[in-house]
Amino acid sequence: MNILEKNIQALASGTNEPLALKLNDFLKNQKCTRFSLDENLNIFDLKNQVFMYGDVNQEIDYFKNAILEKTLRYPFVCIYGIGNALLLKSLISFYKHIFIFESQIELFILALSVIDLSEELSNGKIYLVDINEEKINIQLSMLFDQKDMFEYLSLYEMFINCSYYEKYFIEEIKKIDHIINDNINLVIRDLNPDCKISLICYDNFIQNISLMLKSIPFQRIIQERKNRFENCIVVCAGPSLEKQIPLLKKYQKNFVIFCADGAFPLLYKNDIIPDYILNLDLEEYPIEFFKDIDINKLGKTLFILAQSTHPSVVHFFKNINFAIVLNENIIYQKLNLFDFGYLEVGTHVGHMCYTLALALGFKNIIIIGQDLAYNDKGNSHFGDFILGKDADLVLNIPSLKTLAYGGEGEVLTHLAWDDYRKKLEILFANNAQANFYNATEGGARIAFTKELSFKECCFKFSNQKKKILEIPKKLTSNRSDKFLKKVIEIFKKDLNIINQTLEDAKTLYNALEKILMSEKNLPLEFLLNIDKNIEKFNFFLEQSFIYNDRVLRGIFLKRGFAFSEIIIQRIQEEEKYLQLMIKAYKDWLVLLIEKLNIRKNILQKIF
């Protein structure tokens, strides 16, 4: 096996299978016609009739030193251009991760023919990114959310391999820089340590457990209903929904209908009865959507609620057909409540509708009312929306423009919708077993969907006659009580870990404060010993559920921000650097202790 084959095999088995497939396909069907490699490992660009490097070794040394000077103690570095891979090889020992961005498949092939990078490609130390990859946003969101990356995203800067790239690929560099910043900001917003949403979700979950165990087990719904139908419609509450109501009413007997809770009053008003109504809101206002309905008219509609749904909403539905589903998340998976089942509920109710449709095996998922943008009148929802047709406008979320449905022109959206759209695109791209037909006919374009009018969708997929299914049974009281006892035992263990962590964090904080208050010039050896003790506590944190728990993960982002502010100063003196890092860690422990105490107080409610 030659070097190129070995590297491509490492890509396929390790960090980037799509790129490996693309390289193999190129090698089978094409030849390098734009770039060639000479005996000095210089690359000649036939299109521009220029060598990539002046003097190969001299230029690589220059850019290596320039990058190292600007990235002292950085855990990762991003470089545009793979070149001949010699710069990459010379930098490997200085970083935990190196990300290489490139637009030219021929350059990937030439570079991977020169140097054996198979070990680094297999273990993720080196990640090669094809900036023309259709699913690049998915790749980047996964990379930036990994354990040793998300804390240090504020250190991101794009460096270049050599001056050739800056001269001939400046537009590509600007393009990928914009995409990277978009994905970094999305990760940071998701993990915002100052946001209280994750703790509210957790509080609601703790309060909902007892009623969840008395509701219809979600897993039974999946077992009894999976693959019964192929075609469904997901109804969201965007301003375009009103124009689709006549067709939806006409064809409702031909499709299974999933309805976001906010869209329900408009459907009910028009005698359209959904098969599933979903809710995941943290607040109790969704009760307004259902106050004046005749429950008997709903027949065998199932209400599917998230574990984070506000307890008042759960109690409102407790005497009708409802199920509470657990989020596919480490904190909930460890409960091992597979009789109740898990679902990726996302952050918006539409997302939850799509994942439920996928879990039930639907092949053709038609989307209406998913505008994710204001209409030309400035409305965020349909006219009769109970909370107001301009409900999002009054939230004062920063607005921006994005590509419109149909791919022509732009529409006005806001940051939360734009983040949601990106998450939907990841969901749709990762579930190619289903066809997603965006029949909204308005709003923002959503990638990885097929845009088709609602009328065409109805004609194309109305060949099934929907059969009303029986409602799955709840658990017996005896079995429900057994599950509750098991949950309480698991949470007792969690509480013990939290108490132990709190005790250790307070002890460490007091020790660090005492040391730092002395205001002495502490010797390097002493500072290194303190740093080792901090690392021991960090290791304990990372081995416990606390680090991977999305409820608390944002506080580790805060830790990384504090460290990054020091790293970016490029302090040469080790004593000064360590002293600043120790102070930053001491200050961060205050936040950790505060959040752990909140988590502890919430958890105690179940007892």
Hey, what's the Cα Rg ratio for region 485-606 versus the globular rule of thumb, 2.2 N^0.38 Å? 1.19
Evaluate E = 1/(1 + (r/R0)^6) for residue 510 and residue 1, where r is the Cβ-Cβ distance and R0 equals 56 Å; express this FRET efficiency to the nearest 0.05. 0.45
What lysines sit close enough to residue 506 to cross-link, taking a C-alpha to C-alpha distance under 16 Å and skipping anything fewer than 8 places away on the same chain? 514, 536, 583, 586, 595, 600
Excluding residues fewer than 8 positions from residue 269 in its own chain, the aspartates and glutamates with Cα under 12 Å of it are 242, 292, 294, 384
How about region 134-179: which trypsin sites (Lys or Arg not before Pro) there are in a DSSP loop, with at most 12 other Cβ atoms within 10 Å of their Cβ? 147
Region 405-497: trypsin sites (Lys or Arg not before Pro) in DSSP coil with no more than 15 other Cβ atoms inside 10 Å: 465, 467, 473
Gain in span if fully extended, residue 66 to residue 521, counting 0.36 nm per residue against the direct Cα distance: 160.6 nm
List, in order, the whole-Hz ³J(HN,Hα) value for each residue of region 424-437 obtained from phi through the Karplus relation with A = 6.51, B = -1.76, C = 1.60 and θ = phi - 60°; use x for Gly and Pro. 5, 4, 5, 4, 5, 5, 7, 10, 5, 6, 10, 9, 9, 9
Between region 1-49 and region 257-298, what is the C-alpha centre distance in whole Å? 55 Å
Here, residue 133 and residue 33, labelled 7 Å along Cα→Cβ, have an inter-label distance in nm of 2.6 nm
Can you give me the Cα centroid spacing of region 69-108 and region 514-587 in angstrom? 27 Å
Please report the net charge: other residues with Cβ closer than 10 Å to the Cβ of residue 262, K and R +1, D and E -1. -3
Structure-based [θ]222 nm, the chain - -39500 (n - 2.57) summed over DSSP H runs of at least 4, per residue, nearest 500: -15000 deg cm²/dmol
Could you line up 284, 151 from fewest to most neighbouring Cβ atoms inside 10 Å? 284, 151
Please compute the net charge surrounding residue 450, taking Lys and Arg as +1 and Asp and Glu as -1 over other residues with Cβ under 14 Å from its Cβ. -1
Taking the convex hull of the alpha-carbon atoms of the chain and averaging its shadow over every direction gives an area in square nanometres of 31.3 nm²
Restricting to region 197-461, what percent of DSSP beta bridges are antiparallel, rounded to 5? 20 percent
Can you put 258, 436, 26 in order, fewest other beta carbons within 10 Å first? 26, 436, 258
Order these by the 10 Å Cβ neighbour count, fewest first: 553, 228. 228, 553
Between residue 533 and residue 415, what's the calculated FRET efficiency when r is the beta-carbon distance and R0 is 41 Å? Round to 0.05. 0.50
If the chain between residue 447 and residue 312 were fully extended at 0.36 nm per residue, the gain over the current Cα-Cα distance would be 45.0 nm
As straight-line cross-link partners of residue 147, the qualifying lysines (C-alpha separation under 16 Å, not fewer than 8 residues apart within one chain) are 96, 125, 558
Antiparallel DSSP bridges in the chain: what percent, to the nearest 5? 20 percent
May I ask you to derive the FRET efficiency for residue 597 and residue 185 from their Cβ-Cβ distance with R0 = 25 Å, giving the value to the nearest 0.05? 0.25
Hey, what do the phi angles of region 457-470 turn into as Karplus ³J(HN,Hα) couplings, whole Hz, using 6.51/-1.76/1.60 and θ = phi - 60°, x for Gly and Pro? 5, 4, 5, 6, 10, 8, 7, 9, 10, 6, 9, 6, 8, 6
Using only Cα atoms, what is the ratio of the radius of gyration of region 534-607 to 2.2 N^0.38 Å? 1.29
Which of 249/300; 250/297; 334/474; 482/605; 196/401; 389/450 have a Cα-Cα distance over 24 Å? 196/401; 389/450
What distance in nm separates the simple spin-label points at residue 253 and residue 158, each placed 7 Å from Cα in the Cβ direction? 5.7 nm
Residue by residue through region 520-532, the couplings from Karplus 6.51 cos²θ - 1.76 cosθ + 1.60 with θ = phi - 60°, in Hz, x for Gly and Pro, are 8, 7, 7, x, 4, 4, 5, 5, 5, 5, 4, 4, 5
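Values in this text are rule-based calculations from the coordinates and carry no lab data. Because the structure is predicted, anything quoted here is derived from the model rather than measured. Quick reminder, even Gly has a Cβ in these numbers, built from the backbone with ideal geometry, and neighbours come from all protein chains shown.
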